[in-house]
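Inspection log for the structure reproduced underneath, given as structure tokens.
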Amino acid sequence: MKVTVVGFWGAYPEVGEATSCYLLEKDDFSCLIDCGSGALAQVPKYTNVMELDAVILSHYHQDHIADVGVLQYNWLVQNQIQNTSDILPIYGHTDDLTGFEKLTHHFTEGIGYDPEKTVQVGPFTITFLKTKHPVACFAMRITDGEKVIVYTADSSYMQEFVSFSRHADLLISDCSFYQGQDGSKAGHMTSVECAEIAEAAGVGQLLLSHHPHFGDRGDLVSEAKKEYTGIVELARTGYTWNA
Ligand code: ZN
């Protein structure tokens, strides 16, 4: 399974980059995990947007869904140009029906996932964990039957992440704050909290994502390395993990 970082910023994108969006691929199947601001200008670097098989959304904050609208226009325009009628499934939770209903458009279909149940999307088996965030948000544990990745989505620290992430090969974590800051009110984590989860869960690698727009982001890595003995990387546009 291959993961490509399409966008990694929290809140809004910096020049030429994007907020939360990850491309997940296995054999001929490809899907996006979240689809934040600027994502549609980045995805074509890695795959044909019309070749996507699915989109899976953690929650309905704009930095995770802003480009769903233009993705829908992309599918509308390209279906018209090519005289096709392909439908793109977009998986989202139904705790917020107003958000969920926006996922269905001319050539996209919103599919509600039950976070209590395992969902199969192509070759990927996904389980969910409700996070601590100002709106309903779900972390994902994704396996292709061989490797496991865990995506915390947006959340402040919670102990449940340790068992949820147990022995994952890759942990992609919300790292919006630096050591010593308090992310709990905003519903985000610090570098050290990400590392504590990675260490306690015994994950293979930690990828710090959902970055802040202040400070020296290199410090996030050095802070995390004090608590976690495995590989720590800072998400960047086009970063790939392949296993
Ligand atoms: Zn959020």
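The values are calculated or read from the model by the stated rules, or taken from the named source; none is laboratory data. Just so you know, these numbers come straight off a predicted model, no measurement behind them. Methodologically, a virtual Cβ is constructed for each residue, glycine included, from the backbone with ideal geometry; neighbour enumeration extends over all protein chains shown. Protein only, heavy atoms only, side chains kept; ligands, DNA and RNA dropped before computing areas. Shrake-Rupley method; radii C 1.70, N 1.55, O 1.52, S 1.80 Å.
If you take the residues in segment 129-150 that are of a type outside the set (V, I, T), within 16 Å of the ligand (Cβ to nearest atom) and open to solvent by 10 Å² or more (accessible area, probe 1.4 Å), which one is farthest from V3 (Cα to Cα)? Looking at residues that are of a type outside the set (V, I, T), within 16 Å of the ligand (Cβ to nearest atom) and open to solvent by 10 Å² or more (accessible area, probe 1.4 Å), I get P134. Close contacts from segment 227-243, counting a first residue that is over 20 Å from G202 (Cα atoms) and a second that is surrounded by 13 or more Cβ atoms within 10 Å (Cβ to Cβ) and acidic (D, E), with Cβ to Cβ under 6 Å and a gap of 6+ residues or different chains, come to T237/E17. Does G36 meet the test of being open to solvent by less than 10 Å² (accessible area, probe 1.4 Å) and in contact with a His (Cβ under 6 Å, 6 or more places away or on another chain)? Considered against the rule, which asks whether it is open to solvent by less than 10 Å² (accessible area, probe 1.4 Å) and in contact with a His (Cβ under 6 Å, 6 or more places away or on another chain), G36 comes out as yes.
Every listed requirement among (1) touching a residue at least 40 places away in the same chain (Cβ under 8 Å); (2) in a loop (DSSP other than H, G, I, E, B); (3) surrounded by 15 or more Cβ atoms within 10 Å (Cβ to Cβ) is met by L24 save one, (2). When you check P44 against the structure, is it of a type outside the set (A, V, I, L, M, F, W, C), without any contact (Cβ under 8 Å) to a residue 24 or more places away in the chain, more than 16 Å from the ligand (Cβ to nearest atom) and under 21 Å from D28 (Cα atoms), yes or no? Answer is yes for this residue. Taking the conditions (1) touching a residue at least 24 places away in the same chain (Cβ under 8 Å); (2) open to solvent by 40 Å² or more (accessible area, probe 1.4 Å); (3) touching a strand residue (DSSP E or B) at 6+ places or on another chain (Cβ under 8 Å) in turn, E14 satisfies each one other than (3). Going through (1) closer than 22 Å to D144 by Cα; (2) touching a Lys or Arg at 6+ places or on another chain (Cβ under 8 Å) one by one, F8 falls short only on (1). Being touching a strand residue (DSSP E or B) at 6+ places or on another chain (Cβ under 9 Å) and part of a strand (DSSP E or B) is true of A139.
Taken over segment 177-194, the criterion of being under 18 Å from F138 (Cα atoms) and open to solvent by less than 10 Å² (accessible area, probe 1.4 Å) is satisfied by G183, G187, M189, C194.
Which members of segment 50-90 meet the condition of being within 16 Å of the ligand (Cβ to nearest atom) and either of a type in the set (F, W, Y) or assigned to a loop (DSSP other than H, G, I, E, B) (or both)? Across segment 50-90, the qualifying residues are L57, S58, H59, Y60, H61, A66, D67. Determine which single condition H59 fails, assuming it passes every other condition in (1) open to solvent by less than 20 Å² (accessible area, probe 1.4 Å); (2) of a type outside the set (D, E, K, R); (3) touching a Leu at 6+ places or on another chain (Cβ under 6 Å). The failed condition is (3). Being out of contact with any Asp or Glu (no Cβ under 6 Å at 6 or more places or on another chain) and among the hydroxyl-bearing types (S, T, Y) is the filter; apply it to segment 179-198 and report the residue that is nearest to H211 (Cα to Cα). Looking at the filtered set, the residue picked out is T190.
All conditions but one from (1) closer than 30 Å to L97 by Cβ; (2) touching a helix residue (DSSP H, G or I) at 6+ places or on another chain (Cβ under 9 Å); (3) within 14 Å of the ligand (Cβ to nearest atom) apply to Y157; the one that does not is (3). Filtering segment 89-109 to residues that are touching a helix residue (DSSP H, G or I) at 6+ places or on another chain (Cβ under 6 Å) and either surrounded by fewer than 18 Cβ atoms within 10 Å (Cβ to Cβ) or over 19 Å from S37 (Cα atoms) (or both) leaves T94, H106, F107. When restricted to residues that are outside any loop (DSSP other than H, G, I, E, B) and either over 23 Å from L52 (Cβ atoms) or within 16 Å of the ligand (Cβ to nearest atom) (or both), segment 101-128 contains 1.
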